[in-house]
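The values are calculated or read from the model by the stated rules, or taken from the named source; none is laboratory data. Owing to the predicted nature of the structure, the values given are computational and were not obtained by experimental measurement. In this analysis, Cβ positions are derived from the backbone assuming ideal geometry, glycine residues included, and neighbour counts consider all displayed protein chains. Note: areas computed on protein heavy atoms with side chains; ligands, DNA, RNA excluded. Shrake-Rupley method; radii C 1.70, N 1.55, O 1.52, S 1.80 Å.
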Amino acid sequence: MHGPALSGWLLMVLCGATGAYCLLRTRNGTERERRSARAEALMGFGMAAMAVPAALLALPEWMWAVYAVVFGAASLHAVVYARGGGHHLHHLVGSLAMVYMAVAMAPGAAHTGTGGHLGHGAGTAGSAGGIPALTGVLLVYYALYVLRSAGRLIPAPAPAGIAAGGGRGGMTGPAWDAPPELALACRLTMGIAMFAMLLTL
């Protein structure tokens, strides 16, 4: 299995697993948390589908238009809640980035006439229709996002006399309702995957 195909498999598995976990998170929490989890699940499954290796499934050309429409709608939905800041602004950037990648990698998008999804390994330099300046801005954004998220995962020293776990006496309840670090880890995973996908443009 050559390099691009292997990266496609890894991205597909990681993003699919992340999307599934985010889908589980929609069962609990406040309405805002469930809305955020739904947006993240859509993003995870969308990136997994975009990274499907060509050896597994050759996507029809019209799928790129479907990606653009679905994530265009997700962008409009994120705009409504973006005034609340936080993850909604990040969801807006992510949805717009998905639209951008779908348009850039659609067949005929590049001057060479070659598009193709990430699993093909067609996303080598000059083979997709990306705009270098815009791609660079998105790469910087996701690099900073990944570094910030990774830093937040580093545990802070617990105050003296307080046991690990905040005195809860052990983790209880379903896994998707317990540690907030898992939700942050999922966002970190999708940030890394988005960075990797943008590198192929």
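Things to note:
- Hey, Leu89 surrounded by fewer than 17 Cβ atoms within 10 Å (Cβ to Cβ) and either over 24 Å from Trp9 (Cβ atoms) or out of contact with any strand residue (DSSP E or B) (no Cβ under 6 Å at 6 or more places or on another chain) (or both) or not: yes
- For segment 86-121, taking the residues that are part of a helix (DSSP H, G or I) and modelled with pLDDT under 80, the one that is nearest to Tyr142 (Cα to Cα) is identified as His87.
- Of all residues in segment 75-85, those that are closer than 20 Å to Ser149 by Cα and at pLDDT 90 or above total 0.
- Of residues in segment 14-37 being in contact with a Lys or Arg (Cβ under 9 Å, 6 or more places away or on another chain) and of a type in the set (Lys, Arg), the one most open to solvent (accessible area, probe 1.4 Å): Arg27
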